[in-house]
1. What are the residues in segment 83-107 that are over 31 Å from the mean Cα position of the chain (by Cα) and either exposed (fewer than 15 other Cβ atoms within 10 Å of the Cβ) or among the small types (Gly, Ala, Ser) (or both), if any?
2. Could you please let me know if LEU617 is out of contact with any His (no Cβ under 8 Å at 6 or more places or on another chain) and within 30 Å of PRO356 (Cβ to Cβ)?
3. Quick one: which helices (runs of 4 or more DSSP H) lie wholly within segment 129-222 and hold at least 2 residues that are open to solvent by 90 Å² or more (accessible area, probe 1.4 Å)?
4. Hey, does segment 566-586 have a residue that's polar (S, T, N, Q) and in a loop (DSSP other than H, G, I, E, B)?
5. Considering PRO279, PRO293, which residue is touching a helix residue (DSSP H, G or I) at 6+ places or on another chain (Cβ under 9 Å) and either buried (at least 19 other Cβ atoms within 10 Å of the Cβ) or over 30 Å from PHE43 (Cβ atoms) (or both)?
6. State which residue pairs qualify: first residue over 21 Å from HIS509 (Cβ atoms) and inside segment 139-155, second residue open to solvent by less than 60 Å² (accessible area, probe 1.4 Å) and part of a helix (DSSP H, G or I) in any location, beta carbons under 7 Å apart, and separation of 6 or more residues or different chains.
7. Looking at segment 587-617, which of the residues that are assigned to a loop (DSSP other than H, G, I, E, B) and under 33 Å from the mean Cα position of the chain (by Cα) is surrounded by the most Cβ atoms within 10 Å (Cβ to Cβ)?
8. Could you list, in sequence order, all residues of segment 342-356 that are under 18 Å from LYS285 (Cβ atoms) and surrounded by 15 or more Cβ atoms within 10 Å (Cβ to Cβ)?
Amino acid sequence: MTMGRKKRSKRDIWHRRNRRKQMKTQMNLIYETEQAMKYVNNFSNRKLSDVEYRALGKGLKFCPTPPKKHAFTYLRSSFREMRRKMRCTYHFSEPGDNSPLHPLWESSGYQPDKGSHGMETYFHNTWQELCKIKRRPVMNNMPDDERQAIAHLNQDDSIIFKKADKNSNVVLLNKTDYLAEGYRQLGKTTHYEKIENTSPREVQRQIMRVVNEMKVRDQLDKASTKFLERTVEDGKLGAFYTLQKIHKLTADELIRMEHEGLKGKLIPGRPIISQIGTPTERAAKFIDLHLLPLVQVQDTYIRDTPDFIRQIEGLRVPPGAFLVSYDIESMYSNLPHEEIKQAVKEALPNKVYTAPLAPVDRQYIISLLDIILKNNVFEFNGDMYRQKVGVAMGSKMSPEAADITMHKILKEILRTSKHTNKILWQGRYRDDGFQIWNAPREEIEEFFEVANTRHPFIKFVSVIHQEEMIFLDTVIYKGNRYKQAGILDVRTYRKPTESFQLLRADSAHPQHVMSALVKGEVNRLVRTNSDPLNLTNEINFFTDKLEERKHERRAIQTLSHEVTCKNREDLLRDRPKKSGAVPLVMILPFSPHRQNIKRALTKHFPELQRDPESAGLFPEPPLMAYQRVKNIGDMILHTRTPATAFP
């Protein structure tokens, strides 16, 4: 009797423990599902299951644990590439050569002969060390049911996934709604025209005619020539797609649309035309290198947020001054081609000197620019279009060409305005501008009313306020510092629709990436908060959001302290980029199954440095750089979608 009671008692304890464990697991799944719903905007007719929400809620940048079987294959191919580079250095470089890498240099894949005896010995011994590294077991960070859910969602042709514009959320749409928004934008006959056929090869021949003439006149260096002469094998067209602007919707509108559906209403999208693999891609990059210096010397140029803050905090603003911000509506897609060419032509000198590229005549840059603008041909849902007005947002040279053109338009507006002398300071970052006015509100409103009549396509949307103004990711306001010294204060701006879908701690990323995520964001918060109290609140808020993404609070606080103990002025200081020779790097797709690779690479390196034939070629041991493995975004986001019949 007693023995039976004891046995039943042990069974009861085991069952109770098992039930508690199951309940805890179930509660964790419920909590994770609720959290995941914040990061997924489902506007489609498909009802997502809890497993699908949890899979998508991990984020587009989340990397599932790669298969263990690929770890050795990745390691072998990466080591062979490093060995190839070192052999090339031995055969073609001189000791002490610290020249920087050419901006248009591309690897040829050339396989040279073997190097010196010391080098080959280093390769042999290092490979033996790498082979000794055992693959360690790692817990899978994404359950099988979630991986299967991603695969099933990818097979559903009635829906489409997109990354939200200026947000990290996953947007799920009916394919018909997505196509309707795309065709709505392409229906602007002033900007786009539908075409029946095109010839990418002909575009390539036009570019090569200009390139060959530049070669004859000795206006291309060797690296630039190789870069531009590399032909396009498949003659790919550009790809048109949109990023949904959910930040333009209020929180109530978002909730209503997700529960009730779009009901015929379309979510506005930012039009992007991908130029990857097109005949004009390389010419656009070549032009961009020559146009960028022209943008950087503009009197209203703002490079980034720290540059803006440095300029703003160097001003003494008088009492009563108005803070003004403006947005140029659809700047990229509203600039006429002739205006772009004329503005670039006026901005360029007759002979363009852009180190380390060879000097080139202005006419050749204009000729290439003309070919690119006239041949911006792309496809959408199987239909072909040509852009008649504007530049492709996915082209490398578009930001600089648009900046130069917009600078000319704004200069003309300012030249003819009677209120220009009332502007105390102004700056512009792409299509967003900031001004400080010492004038009545009526005169500022009149200035923008007149500005909106000066161009058939370019329109300005302005916001005028006397106390505070949002610009980029900051709020500029008149706080305590302004009252004491006339210097505007700064604090971080957060969009109302921002969901803070930060990278989860269990993603298959190296640990230094997680540390850089924390330090980089805290660095930004220190720069964008002039008031210590605001900074403390922002860091606490950021820490709470990181904790929701499975980061440890103590580790966050330690990394945050490393940044906050530095002087804010030092963090805001402009630091020039380092130049010099490119270090020797072994690039390896990240796998958590292998560790101590760096130790294996450096163990026999002193023997290589003692080799007289290769002495001086490799002053420093190889560095390790990890390549990101496939993430969820790579699995579900597609620039080109299969053609679908559309009414």
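The values are calculated or read from the model by the stated rules, or taken from the named source; none is laboratory data. This structure is a prediction, so every number in the text was calculated from the model and none was measured. Every residue, glycine as well, gets a Cβ built from its backbone with ideal geometry; the counts of neighbours run over all protein chains shown. For the accessible areas, the whole protein counts, side chains as well, though only heavy atoms, and no ligand, DNA or RNA atoms are used. Shrake-Rupley method; radii C 1.70, N 1.55, O 1.52, S 1.80 Å.
1. Listed by number, the residues that qualify are HIS91, PHE92, SER93, GLU94, PRO95, GLY96, ASP97.
2. Yes; evaluated as a whole, the condition is true for this residue.
3. On the way: elements: 144-155, 175-186, 200-216.
Answer list for segment 129-222: 144-155, 200-216.
4. yes
5. Of the residues listed, the single one that is touching a helix residue (DSSP H, G or I) at 6+ places or on another chain (Cβ under 9 Å) and either buried (at least 19 other Cβ atoms within 10 Å of the Cβ) or over 30 Å from PHE43 (Cβ atoms) (or both) is PRO279.
6. Here the result reads ASP145/VAL51; ALA149/VAL51; ALA149/GLU52; ALA149/ALA55; LEU153/GLU52; LEU153/ILE636; ASN154/MET635; ASN154/ILE636, each pair linking segment 139-155 to a residue that is open to solvent by less than 60 Å² (accessible area, probe 1.4 Å) and part of a helix (DSSP H, G or I).
7. SER591
8. Scanning segment 342-356 gives VAL344, LEU348, VAL352, THR354.
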